[in-house]
Amino acid sequence: MQRTPPEFSLLGQLEDQLTSLSDQQLRRQLREVQTPTAPSMVVDGESLTAFCSNDYLGLASDPRVIEALREGALRYGAGSGASHLISGHSIAHAALEARLAEMQASHLINPRALFFSTGYMANLAVLTALAGKDADIFSEALNHASLIDGARLSRARVTIYTRDDLPALDRQLASSTATTKLVVTDSVFSMEGAIAPLPELLALCERHQAWLVVDDAHGFGVLGEHGAGVLQHFGLRSPQLVYIGTLGKAAGVAGAFVAAHATVIEWLVQRARTYIYTTATPPAIAHALLTSLDIISGSDGIARRQKLQAHIEQLRSALRLRQWRLLVSETPIQAILIGANQASVQAGESLRAQGLWVAAIRPPTVPKDTARLRITLSAAHESEQIAHLANAIGDMEEL
Ligand SMILES: *Cc1c(COP(=O)(O)O)cnc(C)c1O
């Protein structure tokens, strides 16, 4: 009698599950980009105009930022060698943190900022360090996976709310007896583009003595007159705000930061495991980011945000959809709701055949039956490229 070696049955289980993903049109594929991050890319040998990166200001390939990265590597070396609390914390990290705290200074009380290797790590840090098993976390239904994971890892009690029903959130906050309460939200919902009602959320948090944790991954660099993000956009200020910005999207490089009252930040330094138990990001990255921040907050940043805004308006007015629905959004994330997985994948493929790269987003990234095309615009696009995209989508809907 022949027995199947155990490793084969284990692989067999995975293969069955992968086949099932393929059958449901849910199997994802890696594509290899051969050129720098920019609207024109060569991907697996094909030349495409990309509408799927989050490089909203076109800084990922900006010569000044690239030069600063090179200069940072020459000055500080390639790697940091250790975690921040051992020997990895460089003057470049400290300078970046000071600059980031300054950018949020009008919105926080006694602000300090802490640099993280990724937004994912920053979100885990905030939720696990501020909330323990006796805390209550109120988490918006559309929040990013890293906030969901942070809430789970914290072992706090998690209540899901939606921005459409703030009176329910008000009641839930009122009935909470936890000493620590956190309301947690994306600022710009990453699969829709809509902006969260932060002034209303902050008023609720102030009434109920709760922290408001804002993940501004898609707002930092894009929103606010000087690109400081969503707090600047709304002109908010409170000691109860905990702000997370990421630096791999509009800032064009990598990493993330938390900005809050200095006491909150000091607590993260002491307790956040995703800060403490990981090697510090190379100082050259922090050095390059100083140049990105100069661009974001200066006149060039203002001009880039104006160009981006013009692209958003151009796309929205050129798209005249009949069956599909363009979601409400004033940000560079523009989503077209299609519904079925297969139709959305087909739409993505048909655009690609015309040289346009748009992400078809399916569950589990979005809820079942809400598959969609997610277009992201950049100041690096040209108006002709936006027109080409709008025409291609219009033609496709006629079929
Ligand atoms: C991209 C993103 C993150 C993760 O940031 P990384 O720096 O890419 O790890 C967190 N939250 C939201 C809303 C995001 O879109």
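The values are calculated or read from the model by the stated rules, or taken from the named source; none is laboratory data. No experiment lies behind these values; they were computed from the predicted model shown. Backbone-built Cβ (ideal geometry, glycine too); neighbour counts: all protein chains shown. For the accessible areas, the whole protein counts, side chains as well, though only heavy atoms, and no ligand, DNA or RNA atoms are used. Shrake-Rupley method; radii C 1.70, N 1.55, O 1.52, S 1.80 Å.
Here are the numbers:
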| read-out | value |
| --- | --- |
| Within region 22-68, considering residues that are at positive phi and out of contact with any strand residue (DSSP E or B) (no Cβ under 9 Å at 6 or more places or on another chain), the one surrounded by the fewest Cβ atoms within 10 Å (Cβ to Cβ) | Gly45 |
| Unmet requirement for Gly248, which otherwise passes all of (1) touching a helix residue (DSSP H, G or I) at 6+ places or on another chain (Cβ under 7 Å); (2) within 21 Å of Ala95 (Cβ to Cβ) | (1) |
| Residues satisfying the stated conditions in region 98-123, i.e. more than 16 Å from the ligand (Cβ to nearest atom), open to solvent by less than 50 Å² (accessible area, probe 1.4 Å) and in contact (Cβ under 8 Å) with a residue 12 or more places away in the chain | Arg99, Ala101, Met103, Gln104, His107, Leu108, Pro111 |
| Long-range neighbours under 6 Å by Cβ, at least six apart or interchain, first residue more than 16 Å from Ala359 (Cα to Cα) and open to solvent by less than 100 Å² (accessible area, probe 1.4 Å) within region 318-335, second in a strand (DSSP E or B) and of a type outside the set (D, E, K, R) | Leu319/Leu326; Thr331/Val188 |
| Given (1) open to solvent by 20 Å² or more (accessible area, probe 1.4 Å); (2) modelled with pLDDT of 95 or more; (3) farther than 13 Å from Ser53 by Cα, index of the condition Trp357 fails | (3) |
| Single condition Gly72 does not satisfy, out of (1) in a loop (DSSP other than H, G, I, E, B); (2) touching a helix residue (DSSP H, G or I) at 6+ places or on another chain (Cβ under 6 Å) | (1) |
| Whichever residue in region 186-195 is crowded, with 22+ Cβ neighbours inside 10 Å and touching a helix residue (DSSP H, G or I) at 6+ places or on another chain (Cβ under 8 Å) and, among such residues, is nearest to Ser329 (Cα to Cα) | Val188 |
| Total residues in region 214-267, condition over 30 Å from Arg70 (Cα atoms), open to solvent by 10 Å² or more (accessible area, probe 1.4 Å) and not in a helix (DSSP H, G or I) | 6 |
| Answer from Val126, Val183 - the residue that is touching a residue at least 24 places away in the same chain (Cβ under 8 Å), open to solvent by less than 20 Å² (accessible area, probe 1.4 Å) and either within 26 Å of Arg75 (Cα to Cα) or out of contact with any helix residue (DSSP H, G or I) (no Cβ under 6 Å at 6 or more places or on another chain) (or both) | Val126 |
| Options Arg152, Arg171: the member that is within 16 Å of the ligand (Cβ to nearest atom), without any contact (Cβ under 8 Å) to a residue 12 or more places away in the chain, assigned to a helix (DSSP H, G or I) and charged (D, E, K, R) | Arg152 |
| Enumeration of residues in region 379-399 that are open to solvent by less than 10 Å² (accessible area, probe 1.4 Å) and in a loop (DSSP other than H, G, I, E, B) | Ala379, His381 |
| Region 268-285, residues that are outside any loop (DSSP other than H, G, I, E, B) and open to solvent by 20 Å² or more (accessible area, probe 1.4 Å) | Gln270, Arg271, Arg273, Thr274, Ile276, Thr279, Ile285 |
